[in-house]
Each structure stands twice: as structure tokens, then as C-alpha cells.
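Remarks on the structure that follows.
Values quoted throughout were computed directly from the atomic coordinates according to the rules given, and no laboratory measurement underlies them. From a predicted model like this one, the values you see are computed outputs, not experimental measurements. Neighbour counts are summed over all protein chains in view; Cβ atoms, including those assigned to glycine, are modelled from backbone coordinates with ideal geometry.
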Amino acid sequence: MPIAFDTNVAAAWRTRLTNGYNAIPLMVQTCVQRMTAGTIDWPLYKKWFDPQGNTNPANVQFVRTVFTTLGQWRQSKTLRFFDATGNAIEASAPGVCAYVWLLPAHGLATGVAHVGSGVRIAITQGMVAATWTDRDVGAIICHELVHKLGQECGRNIVDQAPAYGRSNCLTKASTTPAIALTNADNYRCFLKEANNIAWIGEF
């Protein structure tokens, strides 16, 4: 997946985003390996998605497909960033790092899907915070890409409020696995733990 930037993205931000982008292939490869049939990391899968995971093969296959597709997208699609600092969406959601657009669902009777607009990611100052490592930035990029590719994999992956942070994601996995499977930050958390990336507070 080639990477590109709108002209309003500062040079320093481009460096941080490029470094994060370059960290993605190895991280995703590790996730695919953890989800490979016959060698599935059940404790990790159950922790972030479904405590009864080995009794729900369709859910296991979906998570495997998401990470496999994420690796394929990294090679085949252009990812473009633009700086959305100060716009209405950032003003309505303080602390947001990045986002993609909701569009009418394709192939669904109701709802919305993150498809059809290309792979553009809006970013704010939070995306390039000094506290993030390159792999943290890469994990956030993956969170946004999971939104975009979910419908291609068969389900719409959104932000299921309360959507963010490991505590909320752990609660979803343990109490409502169906929601965990369609919450983008559960995938980011799985990716971080699979790659032994240190937590920064809730993130």
C-alpha cells in the first residue's frame, strides 16, 4: 500500500506516520500467525474477542480474515492522510486521533459501512503525540484500516461505544463477544499484545 499525504500534513507528521506505516507489515504478519489454523493463540484470541472462541469457528475465521486482508491491503491500496486538526469532528470529539468516514452500507439492509471512499484517514495532533512509539502509530493506522476493510470481510466494523481503550475492549470480549468482533479497537489491542507493545495507560 503506497502512502501519500495531502499538502496540509506537516513534514514532522509525515515522518511519524511513515515510520508507523512501515511498522505495520511485521505486526500484521505476527497477528496472522497467531490466528493460523492449527496454531491459534487461544488465550490471546479469547481475551480480546470471545471467551468461548473455540466453539465459534465462524468468529475465529472472521478475525483471521480481517488480519489477512489487512496484510493484503498494505500491499495493494494507496493510503492517504490529511490533517483534520480544528475541524468540526475534532471539536465534537476531543482527544480523537484519527477517523474515517461512514457511508451507506453495501449489501446490508440497514446501517453504514466504511467502504467506497478510498483509503483516506483524517488525523489530528493526537495521532502523532510524543508518547506514541512508531508501532503505536502503526497500530492506530490499523484500527482505522479495519473500519475500511470490515465490510469486505463480511461484517461492518465500527466504534461500539464505549469504544476505546483496553478496559472497554476487555469488557466487550468477556460480556458481549459479538460486539467485540465488530469493534475496531479490539483489533488494535489484539495487535498490540500479539507484538508485545507496551501499553500507554489505557492505550
- Apply the Karplus parameterisation 6.51 cos²θ - 1.76 cosθ + 1.60, with θ equal to phi minus 60°, to every residue of region 42-57 and state each ³J(HN,Hα) to the nearest whole Hz, in sequence, with x for glycine and proline. 4, x, 5, 4, 5, 4, 9, 10, 6, x, 9, x, 6, 9, 10, x
- Message: Using a Cα-Cα cut-off of under 20 Å, which aspartates and glutamates could be cross-linked to residue 77, ignoring same-chain neighbours fewer than 8 residues away?
- Response: 6, 144, 152
- Using alpha carbon coordinates only, what is the Rg to Rh ratio of region 1-89, with Rh defined as the Kirkwood radius? 1.11
- At what distance in nm do the modelled label points of residue 29 and residue 6 sit from each other, each positioned 7 Å from its Cα along Cα→Cβ? 3.3
- Query: Put a dot 7 Å past each Cα toward the Cβ at residue 22 and residue 174; how far apart are the dots in nm?
  - Reply: 4.0
- With a Förster distance of 30 angstrom and the Cβ-Cβ distance between residue 200 and residue 36, calculated FRET efficiency to the nearest 0.05 equals 0.55
- Item | Reach of residue 47 by Cα under 16 Å, taken over lysines that are not fewer than 8 positions away in the same chain | 172, 192
